[in-house]
Amino acid sequence: MTPQQHVLVTGGAGYIGSFLTGELLRQGYHVTVVDELLFGGEALLSYLSHPNFHFFQADVWEPRAVRAALRGDWPTPHAVVHLAALAGFPACQAVGRQVAWRYNVEATEHVYAQSLELDIPRFIYISTYSNYGLSETGKRVTEDTILNPQSLYAETKVASERYLLEQRDAPCTPLIFRLATVYGLAPRPRFDMIINQFVWEAFRNHKLVIYQRGYSRSFVHIQDAVRGIMLGLHAPEETIRGEVYNLGTPDGNLTKDEVVKLILKRLPKTLVRYKDITFGGDMRDLTVSFEKIQRQLGFKAQKTVDDGVREVLEAIQQGLIKNPADERYRNARFIVQ
């Protein structure tokens, strides 16, 4: 076993983290997951018997959580993938600025500081394209576009990015991925994400109520999101040091109307209603460029939104997911479409 085979994942019991953990194990990595289990730990049950898996329950805000999580008989991790956070503006809005800042900004600083002290060479931070907010010019936003956060959630992500980019010359290499909105199934599914949520609402209620009708969003399948993260683990340090990448696909740049059409193709009896209501939250209306990650890391998505609609609908229809409205599948008690 070499240090390159060990990755520490914070938030590994969550939506993306549980999928990433499985993929790392499949590819032969040793994986340490650190998670407070705010939303339960059932997603990790199938990994517990795996000889390359280690779990440690902790709040990563605690200044020694990462150090305490490491097994003495395993080498220092080659990388930390920092996913632990209150994800989405409803979750952050529900707890308020002080708590959101603690979980999303201070925790990032603490995890990175420990990674640096432990001589972990790579730190991958999962951010969001919400940081761009509203596109005033209508042009595709690139990694160099001025950030315009419209929610507390995006503000915390921007603050964490700023801190990490200030460390770009440190021995622990920071790498930032701004993810598009993720969809698809995982060991811990989420149904407060637009694609998954729309499919469930259309199936259960035979109707959809859509806000911000003409707004354009960007979507990426969870399988492709994890593939992008894996590329970040494999890439040479000189390529990714202090870099920011939009993680998604041009085919995932869709308006809500286009998403609805894909759902109607499979659930044609769904009644669709539109409401012209705006929210003081995560206002996003933009088209994202993914040219940089394609050019520098060779990323190419394998799944489409239509693939995601099909797989989520089949899982619900076949009873594999009994109640997507269950609190376990959401990061907050209220959601906004």
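The values are calculated or read from the model by the stated rules, or taken from the named source; none is laboratory data. Predicted model only: the values in this text are computed from it and were never measured. Cβ: placed from backbone, ideal geometry, glycine included. Neighbour counts: every protein chain shown.
Things worth noting here:
- Candidate set: segment 101-135, residues that are among the hydroxyl-bearing types (S, T, Y) and over 22 Å from G228 (Cα atoms); chosen: the one modelled with the highest pLDDT: Y103
- Selection within segment 123-132 - among the small types (G, A, S) and part of a helix (DSSP H, G or I): S130
- Verdict on R71 being among the basic types (K, R) and touching a His at 6+ places or on another chain (Cβ under 7 Å): yes
- Residue list for segment 238-273, filter: within 20 Å of Y211 (Cβ to Cβ), surrounded by fewer than 17 Cβ atoms within 10 Å (Cβ to Cβ) and under 23 Å from the mean Cα position of the chain (by Cα): T255, E258
- Failed item, numbered, when V244 is tested on (1) in a helix (DSSP H, G or I); (2) within 20 Å of K157 (Cβ to Cβ); (3) touching a Lys or Arg at 6+ places or on another chain (Cβ under 9 Å): (1)
- Within segment 8-34, residues that are buried (at least 23 other Cβ atoms within 10 Å of the Cβ) have Cβ atoms under 6 Å from residues that are among the acidic types (D, E) in these pairs: G11/D35; G12/D35; A13/D35, counting only partners at least 6 apart in sequence or on another chain.
Conditions tested, residue by residue: (1) outside the structural domain of T32 (by TED's automatic domain parsing); (2) surrounded by fewer than 23 Cβ atoms within 10 Å (Cβ to Cβ).
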residue: R97; (1), (2): no, yes
residue: S127; (1), (2): no, no
residue: S130; (1), (2): no, no
residue: S135; (1), (2): no, yes
residue: L147; (1), (2): no, yes
residue: A154; (1), (2): no, no
residue: A170; (1), (2): no, yes
residue: F177; (1), (2): no, no
residue: P187; (1), (2): yes, yes
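- Taken over segment 156-168, the criterion of being over 23 Å from D285 (Cβ atoms), surrounded by 21 or more Cβ atoms within 10 Å (Cβ to Cβ) and touching a Pro at 6+ places or on another chain (Cβ under 8 Å) is satisfied by L164 alone.
- E62 being surrounded by 18 or more Cβ atoms within 10 Å (Cβ to Cβ) and at pLDDT below 95: no
- Strands (runs of 3 or more DSSP E) contained entirely in segment 147-219, each with at least 1 residues that are among the polar types (S, T, N, Q): 173-179, 181-183
- Segment 274-289 - residue that is surrounded by 15 or more Cβ atoms within 10 Å (Cβ to Cβ) and assigned to a loop (DSSP other than H, G, I, E, B) and, of those, modelled with the highest pLDDT: S289
- All helices (runs of 4 or more DSSP H) inside segment 40-122 with 1 or more residues being farther than 25 Å from A186 by Cβ: 65-69, 97-101, 107-117
- When Q114 is tested against (1) in contact (Cβ under 8 Å) with a residue 12 or more places away in the chain; (2) closer than 25 Å to K157 by Cβ; (3) within 20 Å of the chain's Cα centre (by Cα), only condition (3) is not met.
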